[in-house]
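Undergrad: Sharing a structure, written as structure tokens. Questions coming.
Derivation of every value follows stated rules applied to the coordinates shown; laboratory data play no part. Keep in mind the model is a prediction, meaning the values are calculated, not measured. Counting neighbours? That spans all protein chains shown, and the Cβs are built from the backbone with ideal geometry, glycine included.
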Amino acid sequence: MKHSRRFAHNLIGRGLCAALSYAAATTVHAAPDSAIVLPPLTQPASGEHHEGKVVWADLVTPDLAGAKRFYGALFGWTFRAVPGASNYALALLDDEPIAGMFQKALPAGQSKQPAWLTFIAVRDVDAAQQEAVQHGGKVLSNSHNYPHRGRQAVLADPDGAVFAVLAAEGGDPPDYLAAPGEWIWSSLLVADPKQETAFYKSLFGYDVYDLASEGGGSDDAQHYVLSSDNYARSGLNALPHDSMRRRPHWLNFVRVTSAADTAKKAVELGGRVLVAPRIDRHGGYLAVLADPSGAPFGVMEWSDTDTKQEPQ
């Protein structure tokens, strides 16, 4: 994911457990054809490796044109065609790639929905794929190469949450604080948090922090932060137990200047509010939205001086 030049030392994610309690259907996933020419994550090559860092996101949607209109108006993203495929487009912010959008028809008669696919950095995709299977995960799309981009695979964790791993050819993006309109945080909701922390730790070498140690109540016991290189990479939370419709899933957040204004604009553009703007445990505002096709995503405020240290 693209980052601004403002350095974010020891950035930690927000407490999102309560805010992410919404029903999610099984997400549809797909990988673009390997003939597609994707840009490198970093230009020039960074040579950096941050295993466990969320570095990219792809939207799988049945309406590519509609997604362009929605996200372009909401975040100021522009779009560029990709050689080799009419059903895949790059989203850009300030002329820098920030995400991909892949058009795929939804299976008829199945409870699947469009979704953003989260890409996590690894050094060796094939080794990560094997490690995931050994620890109860599944391979949904086998590893393959994209010229200039690198090697990637789509996996599911033991609870069924879908994500991708990517070994970027030119290295991973440096750790900078995201600017408004860029991805700033990712969170995961699962049925068995302790099992999943073990899975992701084995796969990415994360340090795992239980935020109940910060003095919260019993509901905090199922909220964790996954960290690497002294940076909080993502949150891991327990799914609520009050609905069988809620399924494990990753959720990515875009930094905005006002979560309330962004939520209002999303509705005006044909989207929906899944979780109304609210204050999280660290005092910032966030919201969970859905685009017109139903793909969920989050928005989060973050001040330039808000740099939470990794839990100790």
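Undergrad: Below 8 Å between Cα atoms, with a sequence gap of 6+, how large is the relative contact order for region 62-219 in percent?
TA: It rounds to 16 percent for region 62-219.
Undergrad: Taking 0.36 nm per residue of sequence separation and subtracting the Cα-Cα distance, how much length would be gained by fully extending the chain between residue 124 and residue 194, in nm to one decimal?
TA: Gain on stretching residue 124 to residue 194: 22.7 nm.
Undergrad: Next up: Grab the alpha carbons of region 18-301, take their convex hull, and tell me the volume per residue in Å³.
TA: Given the Cα convex hull of region 18-301, per-residue volume reads 124 Å³.
Undergrad: Provide, as a two-decimal number, the C-alpha radius of gyration of region 33-100 over 2.2 N^0.38 Å, N being how many residues it has. Walk me through the intermediate numbers first.
TA: Values: Rg = 12.9 Å, N = 68, 2.2 N^0.38 = 10.9 Å.
So the Cα radius of gyration is 1.18 times the expected 2.2 N^0.38 Å.
Undergrad: Taking the number of other C-beta atoms within 10 Å as the exposure measure, put 256, 267 in order starting with the fewest.
TA: In increasing order of surrounding Cβ atoms, one gets 267, 256.
Undergrad: Counting DSSP beta bridges with both partners in region 18-301, what percentage is antiparallel, nearest 5?
TA: About 75 percent, rounded to the nearest 5.
Undergrad: As an exercise, use a Förster radius of 35 Å and the Cβ-Cβ distance of residue 87 and residue 49 to find the FRET efficiency, rounded to the nearest 0.05.
TA: Working: r = 31 Å, r/R0 = 0.89.
Efficiency, from the Cβ-Cβ distance: 0.65.
Undergrad: Also, quick follow-up: At 7 Å along Cα-to-Cβ for each site, give me the label-to-label distance between residue 106 and residue 148 in nm.
TA: Calculated label separation equals 3.3 nm.
Undergrad: Is there a pair in 53/265; 68/265; 138/201; 104/264 whose C-alpha atoms are over 21 Å apart, and which pairs would that be? Display every interim value, and only then the final one.
TA: On the way: 53/265 30 Å; 68/265 15 Å; 138/201 16 Å; 104/264 28 Å.
With Cα atoms farther than 21 Å apart: 53/265; 104/264.
Undergrad: Can you sort 143, 187, 258 from fewest to most other Cβ atoms within 10 Å of each residue's own Cβ?
TA: Starting with the residue having the fewest Cβ neighbours, the order is 258, 143, 187.
Undergrad: Once the piece of chain linking residue 78 and residue 135 is laid out straight, how much longer is it, given 0.36 nm per residue of separation minus the C-alpha distance between them?
TA: Result for the pair: 16.6 nm of gain on full extension.
Undergrad: With each pseudo-label sitting 7 Å past Cα toward Cβ, what's the residue 37-residue 276 distance in nm, one decimal?
TA: 5.0 nm
Undergrad: Taking the number of other C-beta atoms within 10 Å as the exposure measure, put 275, 54 in order starting with the fewest.
TA: Listed from fewest to most nearby Cβ atoms, that is 275, 54.
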